[in-house]
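Written below as structure tokens is the structure these notes are about.
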Amino acid sequence: MLYIFDLGNVIVDIDFNRVLGSWSDFSRVPLATLKQSFTMGEAFHQHERGEISDEVFAEKLCHEMDLPLSYEQFAHGWQAIFVGIRPEVIAIMHKLREQGHRVVVLSNTNRLHTTFWPDEYPDVKAAADKIYLSQEMGMRKPEARIYQAVLQAEGYPAADAVFFDDNADNIEGANTLGITSILVTGKQTIPDYFAKQLC
């Protein structure tokens, strides 16, 4: 079987409020104001597909949010999203590989984040056969083509794949292609799913 794991809130805990809190501290713009003005719009999607640079993304977002930040301040806040690894999921990934399954990560991410988390959380790379990143592939979930690209690269049909993600739209996109897709709603979702399979 091919097991496909998202990264954020699946393998690594993330919290976007930490980003906004950091930007608020730097800019003195109230946190409530930032929460109202932040949207994952076109610039966000372009950044995740690798279509615009980190600097252009920072400039666009700061402009949209009327946020007076230097690039360094923006980047520092952007990295604050990462909270910590989920060791129970890492252990499951290792166990699946020991049993002969293929284990990959498929993440909507961006260059700025990949300057941080691979070094901060080397356990992720150690637990996966391969890591697929949206900005390197030029596409992002829930676009059908990104799932198709992973299946093709791995040599598995959709019927032999299981996908874990915390975003309902991404789950729906994978389901449409016939991939068994599990919505991760909390830290117990994945351990509970494998409780019987890995006994």
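Every read-out reported here was derived from the displayed coordinates using simple, explicitly stated rules and does not represent laboratory data. Please read all numbers here as calculations on a predicted model, not as lab measurements. Positions of Cβ are generated from backbone atoms using ideal geometry, with glycine treated the same way; all protein chains shown enter the neighbour counts.
Values for this structure:
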{"item": "Within the chain, helix-based [θ] at 222 nm, where runs of 4 or more DSSP H residues each add -39,500 (n - 2.57), nearest 500", "result": "-14500 deg cm²/dmol"}
{"item": "Size-normalised alpha-carbon gyration radius of region 25-122, reference 2.2 N^0.38 Å", "result": "1.34"}
{"item": "Simple spin-label estimate for Tyr71 and Ala149 in nanometres, 7 Å along Cα-Cβ", "result": "2.5 nm"}
{"item": "Cα-based shape type of region 14-79, given that a ≥ b ≥ c are square roots of the gyration tensor eigenvalues and the cut on a/c is 1.5", "result": "prolate"}
{"item": "Dimensionless Rg ratio for region 2-49, taking C-alpha atoms and the 2.2 N^0.38 Å reference", "result": "1.46"}
{"item": "Lysine pair count for the chain [Cα-Cα under 27 Å; pairs on different chains or 8 or more apart]", "result": "17"}
{"item": "For the chain, the fraction of alpha-carbon pairs in successive 5 Å shells from zero, as %", "result": "1, 7, 15, 19, 19, 15, 10, 7, 4, 2, 0"}
